[in-house]
1. Which numbered condition in (1) surrounded by 11 or more Cβ atoms within 10 Å (Cβ to Cβ); (2) in the same structural domain as Asn133 (by TED's automatic domain parsing); (3) part of a helix (DSSP H, G or I) is the only one that Gly67 fails?
2. From the set of residues in region 145-186 that are in contact (Cβ under 8 Å) with a residue 60 or more places away in the chain and hydroxyl-bearing (Ser, Thr, Tyr), which is farthest from Arg261 (Cα to Cα)?
3. So which residues in region 225-260 are aromatic (Phe, Trp, Tyr) and closer than 11 Å to Lys148 by Cα, if there are any at all?
4. Give region 118-154 a look and list any residue that's more than 25 Å from Ser201 (Cβ to Cβ) and of a type in the set (A, V, I, L, M), or say none.
5. Are any residues in region 70-109 in a helix (DSSP H, G or I) and within 30 Å of Arg30 (Cβ to Cβ), and if so, which ones?
6. State yes or no: is Lys288 more than 20 Å from Ser197 (Cα to Cα) and either assigned to a helix (DSSP H, G or I) or at pLDDT below 90 (or both)?
7. Considering only residues of region 152-181 that are part of a loop (DSSP other than H, G, I, E, B) and within 24 Å of the chain's Cα centre (by Cα), which is nearest to Asn275 (Cα to Cα)?
8. In the list Glu260, Glu249, Glu269, which residue meets the criterion of being charged (D, E, K, R) and either more than 33 Å from the chain's Cα centre (by Cα) or not assigned by TED's automatic domain parsing to the domain that holds Asp185 (or both)?
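The values are calculated or read from the model by the stated rules, or taken from the named source; none is laboratory data. Note that this is a predicted model, so its numbers are computed, not measured. In this analysis, Cβ positions are derived from the backbone assuming ideal geometry, glycine residues included, and neighbour counts consider all displayed protein chains.
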Amino acid sequence: MTTYGYVLPQAGSLLRLATGLSNKAKHRLRIIDWHRANGENQSLTCRRYGLGREALREWLKRFKEHGIKGLEDRSHRPNKVRERQIPLSVQDEIVKIRKANPYYSKYKISVLLSSKVSPSSIGRILKDKGLINHKVSAKRSKAAKDPKHRFPRDIVINCPGKLVQIDTKHLPTYHGRLYQFTAVDVLTKLRVLWVSSKISSEAAAKFLKICAKEFPFNIEGIQTDNGSEFHKHFDRLCQKLRLPHFYTEPRSPKQNSYVERSHLTDELEFYQQGNMRITVELLLPLVKAWQDKYNHQRPHQSLNYLTPMKYFQKFERQGISTKEYIPLQT
């Protein structure tokens, strides 16, 4: 390539200066170099690089007047910019309200100003004055663009697997913590249990695969709280399996009441009976034995003292009456 070589005067110094140029400016400089090396034929240069003649003439003119820096992109800002029409006194009042009440949104401030200023204008003023927490703003923006599927208030549970609630139970030990993953079918109360030393989305995804294998029915929907273990790999697996994944509202454990209540049963009837162990290898066999007892031997009061498995078998044989359907409560 002849660029910076011998065609342009002072080409060696141009090479050193060009290190601060953008890629676009360097490309334009190569075009000008080729143009001069080939008899300054504009038609030939434009055909070679797919340019319009006016663009080439403009670059040649800017290079002649300003040197290589003239080949940089210029500002695209309009010559006339619309100026804000809100009086300074009102802007000062907005700033005063925000500083006195840092958690007031632009909508609340608009109400306090008797809607003299639109929420959008207030938001721009707060941004200009540096009164917006960008970390919180980005988090809210992300949540608005990709909203979570929330608690399905209109759903009626009328068959096994219609909704399975999943949660984790922390198990403190002398050597750190273990975590019990629990899945309970809302209708039959059948459960799947598992123990892990990690509370991660990868561990939760592994547990979901175990649930799909051990439940005697197809899972149609999953409900969890907003814990980090139920994002990323877990949520991706739900999407892969085409399982609707519903999240409870923040700080609303009562929306996951079936699995939360089962954890109380675990605490009273299993862990407080001397079954706690300090490693996964020791605890997991005991937990799986407890799962078997819970599903096949323990009478369940809400199932009219049938075991969860017998209730499931009853459903398989004859179905259930509409009065046994479960409308989810908030």
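1. (2)
2. Tyr174
3. Kept after step one, since they are aromatic (Phe, Trp, Tyr), are these residues of region 225-260: 230, 234, 246-247, 258.
Answer for region 225-260, where residues must be aromatic (Phe, Trp, Tyr) and closer than 11 Å to Lys148 by Cα: Phe246, Tyr247.
4. Taking region 118-154 and keeping what is more than 25 Å from Ser201 (Cβ to Cβ), we get 118-134, 137, 153-154.
If the condition is that a residue be more than 25 Å from Ser201 (Cβ to Cβ) and of a type in the set (A, V, I, L, M), then Ile122, Ile125, Leu126, Leu131, Ile132 are the ones that fit.
5. To start, the set of residues in region 70-109 that are in a helix (DSSP H, G or I) comprises 70-71, 88-100, 106-109.
Within region 70-109, Gly70, Leu71 qualify.
6. Working: more than 20 Å from Ser197 (Cα to Cα): no; either assigned to a helix (DSSP H, G or I) or at pLDDT below 90 (or both): yes.
It is false that Lys288 is more than 20 Å from Ser197 (Cα to Cα) and either assigned to a helix (DSSP H, G or I) or at pLDDT below 90 (or both).
7. Leu163
8. Details: Glu260 fails: either more than 33 Å from the chain's Cα centre (by Cα) or not assigned by TED's automatic domain parsing to the domain that holds Asp185 (or both); Glu249 fails: either more than 33 Å from the chain's Cα centre (by Cα) or not assigned by TED's automatic domain parsing to the domain that holds Asp185 (or both).
Just a single option satisfies the conditions, and that option is Glu269.
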